[in-house]
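I have placed the structure first, in the form of structure tokens, so that the comments after it can refer back to it.
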Amino acid sequence: MGNCCSDDRGGRPTIGGTPTDIGLGNGNDAPNDAVHLYLGSRGYHGLFSQIQLSFSATVLRDRDVLSKSDPMLVVYTRGRDGVLKEVGRTEVVLNSLNPKWINTVNVTFQFEIVQTMLFRLYDVDTQFHQIDVKMLKLEEQQFLGEASCALSEIITKSNRSLTLDLTHGEEYTGLSCPQNCGRLALHAEECISSKTAAEMILRCSELEHKNLFSRTDPFLVISRYVDGGLSIPVCKTEVIRSDLKPTWKPVFLNIQQVGSKDSPLVIECFNFNSSGKHDLIGKLKKSLLDLEKLHSSGTGENLALPTAAGDKILKSQLFVDTFSESTQHTFLDYLAAGFEVNFMVAVDFTASNGNPRLPDSLHYIDPSGRPNAYQRAILEVGEVLQFYDSDRRFPAWGFGARPIDGPVCHCFNLNGSSTYCEVEGIQGIMMAYTSALLNVSLAGPTLFGPVISNAAQIAGQSLANGHHRYFVLLIITDGVVTDLQETKDALVKASDLPLSILIVGVGGADFKEMEVLDADKGERLESSNGRVATRDIVQFVPFRDVQNGEISVVQELLAELPTQFLSYMRSRDIRPSY
């Protein structure tokens, strides 16, 4: 009811989950990023997970004269613009300076952004005890203290618990209260009662040509129904080029995510179009239970195409070649088991960036403090990833520059050291970058191979030592790579390692050739000796495409990282152990 209650512990389970592996293919089955944009327009975004937060506090200040405080907790999220949004309130606990609240608050965890949480405690006056907490006016209650942290700080703890000191807060500096106002303990649980997933290999036969003068590149989208009859995509296959009898790679559907095995799903087969306007080939409605029966019977189900006169039944059929159920651990399960995501960065110091002393240079350091494109990319990616790296010591390199009185170097330590490459924290990267601009001469050409090989060496050594680490290399560049084949060779070799590579293109160069490195946007990566990459480890985005829009470059880049992480762990049967 939201009113006062005792310290008895309680709570109810809630529904939540994470989207399954989406777009892991490469090679001939590599999808164009237009598919992702299309799904985004229909409601699919990156990794999300519902997190249930529970709370307790100790040694709170006593604001009542004849009794102890009656504390209530209010939870907010703080946007990048500083605006607070209330997401929930606990009940009021009577006469307690060490409350344990029963009511929990649910928040949606998004890997690709920093989610700042603010927690404020109030002593609720006796006259308001019979009013629902949602109706309480906070300005009429006595402030007890506040604390703030990033949601990532909680979920990356091995026990998903974090204790914060309560302070009087910036907005209450005029009040006569001590700096230390007690302590707040937070605990997070992923709201997913079942981790059972259905794994299927889907196949179609006799797909119809949508255009007599072009090929058919089919892919599937599986959606679940929500209130009002709307459908929300939860999974898609890769695109298969020029094939009217396609067999797609396995897809995983979390059973709880779709509701249950009896919940109706819509399976749509599209012909890929680079414009993003994909042609519907046909569709059908089936539950997971129906799909399991199709597999058992070995029969297919005809697709239908909606027309003004009703559904037209097609000769095209969908087959379920395999169907099995297994436990699928989530990204947060690995974090709770002590797995880390370690950040590395490499910065382009080639001459095409322009003279750093001139305002039109991409490396220009503005005296006003406004960050340039390189600094923005480092900050936006680093601020997210730093929480998943326990020691926050980051390898940082530069390439394409000539140190004073030295030859051009295609992988030098950004901190100027000849023996070690790590710097302390994100600000350490920023300081090393600024210092390097004063100590090197911009040169060229643009070579990625050496920095990728260095990152791969670190990842390989960590793997050999049995460490639970996954590495992310951010490469920021203003131009097209010169050593394209050498880069492909390095990427194919690195695809076996716990490593993802994010490439940000800055400036006005034509980056079309760079998209070949991203299997979401081009053909499969193949080394000079004919070996094919075992998985897609590269994400590329031109910085200018998203810097003025609602979707930031960091979201564009980071959204697929958890999927790449899980793809690596599952392909090697690496499971979290607690």
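The values are calculated or read from the model by the stated rules, or taken from the named source; none is laboratory data. Computed from a predicted model, the values in this text were never measured in an experiment. Methodologically, a virtual Cβ is constructed for each residue, glycine included, from the backbone with ideal geometry; neighbour enumeration extends over all protein chains shown. SASA here: full protein model, heavy atoms, side chains in, ligands and nucleic acids out. Shrake-Rupley method; radii C 1.70, N 1.55, O 1.52, S 1.80 Å.
Positive end of the dipole of the chain (Cβ unit charges, origin at the Cα centre): among Gln317, Leu151, Asn413, the Cα lying farthest that way belongs to Gln317.
About the Cα centre of the stretch 50-192, how large is the charge dipole given +1 on each Lys and Arg Cβ and -1 on each Asp and Glu Cβ? Please answer in debye to the nearest 20.
260
Candidate cross-link partners of Lys293 among the lysines, defined by an alpha-carbon separation under 16 Å and a same-chain spacing of 8 or more, comprise Lys261, Lys285. The accessible-area ordering, largest first, of the residues Val83, Val114 stands as Val83, Val114, per a 1.4 angstrom probe.
Distance between the modelled labels on Arg203 and Gln485, one decimal in nanometres: 3.8 nm (7 Å Cα→Cβ projection). Beta bridges per DSSP, both residues in the chain: antiparallel share near 80 percent. Heavy-atom surface analysis with a 1.4 Å probe gives the chain a carbon and sulfur content of 49 percent of its accessible area. Between Ser577 and Ala464, what FRET efficiency follows from the Cβ-Cβ distance if R0 is 22 Å, with the result rounded to 0.05? So the FRET efficiency works out to roughly 0.70. Close amide H pairs (under 5 Å, H built 1.01 Å from N) link Cys181 with Leu166, Thr167, residues at least 5 positions away or on another chain.
Quick one: of Lys134/Lys157; Lys195/Lys245; Lys249/Lys488; Lys210/Lys236; Lys236/Lys277, which pairs are farther than 22 Å apart, Cα to Cα? Over 22 Å Cα-Cα: Lys134/Lys157; Lys195/Lys245; Lys249/Lys488. Neighbours of Val133, meaning other residues whose beta-carbon lies under 10 angstrom from its beta-carbon, give a summed charge of 0 when Lys and Arg score +1 and Asp and Glu score -1. Residues whose amide H lies under 5 Å from that of Ile281, counting only those 5 or more places away or on a different chain, are Cys269, Phe270, Asn271; hydrogens are built 1.01 Å from N in the peptide plane. Taking all protein chains into account, the per residue accessible area for the chain stands at 44 Å² (1.4 Å probe). The magnitude of the dipole of the chain, with charges of +1 and -1 set on the Cβ of Lys/Arg and Asp/Glu and taken from the Cα centre, is near 780 debye. Note on Leu289 and Asn355: the model spin-label points, each 7 Å out from Cα along the C-beta direction, lie 7.5 nm apart. When peptides 487-498, 403-414 are ranked by their average number of other Cβ atoms within 10 Å per residue, the highest-first order is 487-498, 403-414. In the chain, Cα pairs under 8 Å separated by at least six residues give a relative contact order of 14 percent. Charged side chains reduced to their Cβ positions (Lys and Arg at +1, Asp and Glu at -1) give the stretch 146-275 a dipole of some 600 debye around its Cα centre. Highest mean packing comes first when the peptides 474-481, 570-577 are listed by Cβ atoms within 10 Å, giving 474-481, 570-577. Of the residues Ser361, Leu484, Leu202, the one whose Cα sits farthest toward the positive end of the charge dipole of the chain, with +1 on the Cβ of Lys and Arg and -1 on the Cβ of Asp and Glu, is Leu202.
Computed extension gain for Ile131 through Ala309, at 0.36 nm per residue and net of the alpha carbon distance, reaches 58.4 nm.
In the chain, a dipole from Cβ-located charges (positive for Lys and Arg, negative for Asp and Glu) runs towards its positive end, and of Phe448, Ile429, Trp101 it is Trp101 whose Cα lies farthest in that direction. Let me know the shape class of the stretch 313-392, please: from the alpha-carbon gyration tensor, a ≥ b ≥ c as square roots of the eigenvalues, rounded when a/c is under 1.5, otherwise prolate if a/b is greater than b/c, or oblate. Oblate. For the stretch 333-571, rounded, prolate or oblate, judged on the Cα gyration tensor with a ≥ b ≥ c (square roots of eigenvalues), a/c < 1.5 rounded, else prolate if a/b > b/c? The shape class here is rounded.
Model label points for Thr419 and Lys157, set 7 angstrom from Cα along the Cα-to-Cβ axis, are 3.7 nm apart.
Given the Cα-Cα distance of Leu379 and Val87 and 0.36 nm per residue of separation, how much length would full extension add, in nm?
Contour length minus Cα-Cα distance gives 102.4 nm.
Residue separation of Phe213 and Ser263 scaled by 0.36 nm, minus their Cα-Cα distance, works out to 14.1 nm of gained length.
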